[in-house]
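The values are calculated or read from the model by the stated rules, or taken from the named source; none is laboratory data. Please read these numbers as outputs of a predicted model, since none were measured by experiment. Quick reminder, even Gly has a Cβ in these numbers, built from the backbone with ideal geometry, and neighbours come from all protein chains shown.
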Amino acid sequence: MPYPYVLLSAAVSLDGYLDDTTPERLLLSSPADFDRVDEVRASVDAILIGAGTIRADNPRLLVNSPERRAARVAAGKPEYPLKVTVSATGELDPEARFWHTGGAKVVYTTDRGAERLRRTPVDADVVALGADLDWRRLLSDLAEARGVERLMVEGGGRIHTQLLQQGLADELQLVLAPLFVGDGKAPRLFGPGGYQGGRLRLLETRRIEDVVLMRYQPTAPGEGGLVSAADRHWLALACELAELCPPSRTAFSVGAVVVAADGTELARGYSREGDDLVTHAEEAALAKIDAGDPRLASATVYSSLEPCARRASRPAPCARLIVEAGVRRVVTAWREPDTFVEGADGAGLLVGQGVDVVVLPEYEGRAKAPNAHLLG
């Protein structure tokens, strides 16, 4: 199921705290950074905070700039992004400023939380996610039922932690403030638990007055059939690689990337790469990796087109090469049509050999683009 692009936004002290324990909110950002946050808010379709943040800070959660709001309206968007909160218990103050400013609001909660909100309603749509909060169902509902393509998450720390641990965050925007809190009872940005392995990719650093903005992107693939945000980034790269293929009237243009479980790129390739005019993308990528590399067993192959099950140009199709390499997970955008091979079913061959195959159809259009001349 498609999810929005999930952007986590937070500011922390040098010792990793979101706030102190005094009644007043600790202002960590600079005035210029508050304006940057306002710009980011204006660029998204929805902004999410937890119920704890509503209780602690009583925020309005608005786009403050009239010019930015006017630009949203001129672009055919609502003046304000959708405001979203999450509460397992449904214990929400109907008088909080969150409900009485800005545009539309939605609360995601549990069945028991929805029952409580029927007794003490707030000015918002209420969506029950079942016995427990389910982030994948929540993101799917935002994308499919509410048209949210970009979601900004402003806290609190528990929500940031859960989204990162479940591999659902596409980007982390972290501002580091030049001060210390030093109070062990104060809230931290990230809590304990199991996070995805590997290093995040640094996208940008920027000085903004006396604070520093750092933008990071998770890189670790999902596991089995569960899709991580990084799966989408790697598959998008495979689709970009397909655009590099020399055009052909007798073969598809395909891109492929092989990624280790910790998010390390092992190799990439594309159809007809180099001087080999019959090489396939997965074949080109796998040929660049030592066959004895132990990381292959837990790696993921990303291919813009389903790996082939039969081919005329070489004895071993790409699906067979993947199995022989020991890879046990494949993510693709597009099932192979019958253009050249009738009844192509590389996914079936892979699944039959114990390989997990994930199809992300939202990337099908990008995968087909360099093959438009073959599709009529």
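Applying the selection to region 33-73, what residues are in a helix (DSSP H, G or I), among the charged types (D, E, K, R) and more than 23 Å from the chain's Cα centre (by Cα)?
Of everything in region 33-73, those that are in a helix (DSSP H, G or I), among the charged types (D, E, K, R) and more than 23 Å from the chain's Cα centre (by Cα) turn out to be Asp33, Asp35, Arg55, Asp57, Glu67, Arg68, Arg69, Arg72.
Among the residues of region 20-65, write down those that are among the basic types (Lys, Arg) and more than 30 Å from Gly90 (Cβ to Cβ).
Within region 20-65, Arg36 is the sole residue that qualifies.
Which condition number in (1) more than 30 Å from Ser228 (Cα to Cα); (2) touching a helix residue (DSSP H, G or I) at 6+ places or on another chain (Cβ under 8 Å) is the one that Ala124 fails?
Among (1) more than 30 Å from Ser228 (Cα to Cα); (2) touching a helix residue (DSSP H, G or I) at 6+ places or on another chain (Cβ under 8 Å), Ala124 violates only (1).
Filter region 293-323 down to residues that are modelled with pLDDT under 95 and among the small types (Gly, Ala, Ser) and give me whichever is surrounded by the fewest Cβ atoms within 10 Å (Cβ to Cβ).
The extreme case among them is Ala312.
Would you be able to say whether some residue in region 78-96 is assigned to a helix (DSSP H, G or I) and over 23 Å from Tyr3 (Cβ atoms)?
No.
Here are some residues: Val63, Val84. Which one is surrounded by 14 or more Cβ atoms within 10 Å (Cβ to Cβ) and in contact with a strand residue (DSSP E or B) (Cβ under 8 Å, 6 or more places away or on another chain)?
Unique residue meeting the criteria: Val84.
Restricting the search to region 181-209, which residues are loosely packed, with under 12 Cβ neighbours inside 10 Å and part of a loop (DSSP other than H, G, I, E, B)?
Gly182, Gly184, Lys185, Pro192, Gly193, Gly194, Glu209 - these are the residues of region 181-209 that are loosely packed, with under 12 Cβ neighbours inside 10 Å and part of a loop (DSSP other than H, G, I, E, B).
Would you tally the residues in region 78-105 being touching a Ser or Thr at 6+ places or on another chain (Cβ under 8 Å) and in contact (Cβ under 8 Å) with a residue 60 or more places away in the chain?
Number satisfying all stated conditions: 1.
How many of the residues making up region 184-223 are touching a Gly at 6+ places or on another chain (Cβ under 8 Å), over 17 Å from Val257 (Cβ atoms) and not assigned by TED's automatic domain parsing to the domain that holds Arg55?
Final tally of qualifying residues: 0.
Going by what's in this entry, would Arg158 be described as touching a residue at least 60 places away in the same chain (Cβ under 8 Å) and closer than 24 Å to Arg55 by Cα?
Yes.
Residue by residue through region 208-267, note down the ones that are among the charged types (D, E, K, R) and in contact with a strand residue (DSSP E or B) (Cβ under 9 Å, 6 or more places away or on another chain).
Of everything in region 208-267, those that are among the charged types (D, E, K, R) and in contact with a strand residue (DSSP E or B) (Cβ under 9 Å, 6 or more places away or on another chain) turn out to be Arg215, Glu223, Asp231, Arg232, Glu240, Glu243, Glu265.
Give me a count of the residues in region 283-306 that are over 24 Å from the mean Cα position of the chain (by Cα) and closer than 22 Å to Asn371 by Cβ.
The total comes to 4.
Okay, residues lined up against (1) outside the structural domain of Ala238 (by TED's automatic domain parsing); (2) aliphatic (A, V, I, L, M); (3) on the phi > 0 side of the Ramachandran plot:
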| site | (1), (2), (3) |
| --- | --- |
| Arg320 | no, no, no |
| Val327 | no, yes, no |
| Val331 | no, yes, no |
| Arg335 | no, no, no |
| Leu350 | no, yes, no |
| Gly354 | no, no, yes |
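Which is under 19 Å from Val153 (Cα atoms), in contact with a His (Cβ under 6 Å, 6 or more places away or on another chain) and modelled with pLDDT of 95 or more, of Leu62, Leu82, Leu8, Leu92?
Within the list Leu62, Leu82, Leu8, Leu92, the selection yields Leu8.
Residue by residue through region 27-59, note down the ones that are out of contact with any strand residue (DSSP E or B) (no Cβ under 9 Å at 6 or more places or on another chain) and of a type in the set (Lys, Arg).
Arg55
What residue, of Arg68, Arg72, Arg112, is in the same structural domain as Asp35 (by TED's automatic domain parsing), without any contact (Cβ under 8 Å) to a residue 60 or more places away in the chain, among the basic types (Lys, Arg) and over 23 Å from Asp33 (Cα atoms)?
Going through Arg68, Arg72, Arg112 in turn, the sole match is Arg112.
Looking only at residues that are under 14 Å from the mean Cα position of the chain (by Cα) and of a type in the set (Phe, Trp, Tyr) in region 211-264, which one is surrounded by the most Cβ atoms within 10 Å (Cβ to Cβ)?
The residue in question is Trp234.
Arg314: basic (Lys, Arg), outside any loop (DSSP other than H, G, I, E, B) and over 14 Å from Val331 (Cβ atoms), yes or no?
Considered against the rule, which asks whether it is basic (Lys, Arg), outside any loop (DSSP other than H, G, I, E, B) and over 14 Å from Val331 (Cβ atoms), Arg314 comes out as no.
Determine if region 139-148 includes at least one residue that is farther than 27 Å from Asn64 by Cα and either touching a residue at least 60 places away in the same chain (Cβ under 8 Å) or in contact with a helix residue (DSSP H, G or I) (Cβ under 7 Å, 6 or more places away or on another chain) (or both).
Looking for residues that are farther than 27 Å from Asn64 by Cα and either touching a residue at least 60 places away in the same chain (Cβ under 8 Å) or in contact with a helix residue (DSSP H, G or I) (Cβ under 7 Å, 6 or more places away or on another chain) (or both), one finds at least one in region 139-148, hence yes.
Mind listing whichever residues of region 16-32 are assigned to a loop (DSSP other than H, G, I, E, B) and within 17 Å of Thr161 (Cα to Cα)?
Gly16, Leu18, Asp19
Within region 120-130, can one find any residue that is of a type in the set (S, T, N, Q), in a loop (DSSP other than H, G, I, E, B) and over 30 Å from Thr21 (Cα atoms)?
No, every residue in region 120-130 fails to be of a type in the set (S, T, N, Q), in a loop (DSSP other than H, G, I, E, B) and over 30 Å from Thr21 (Cα atoms).
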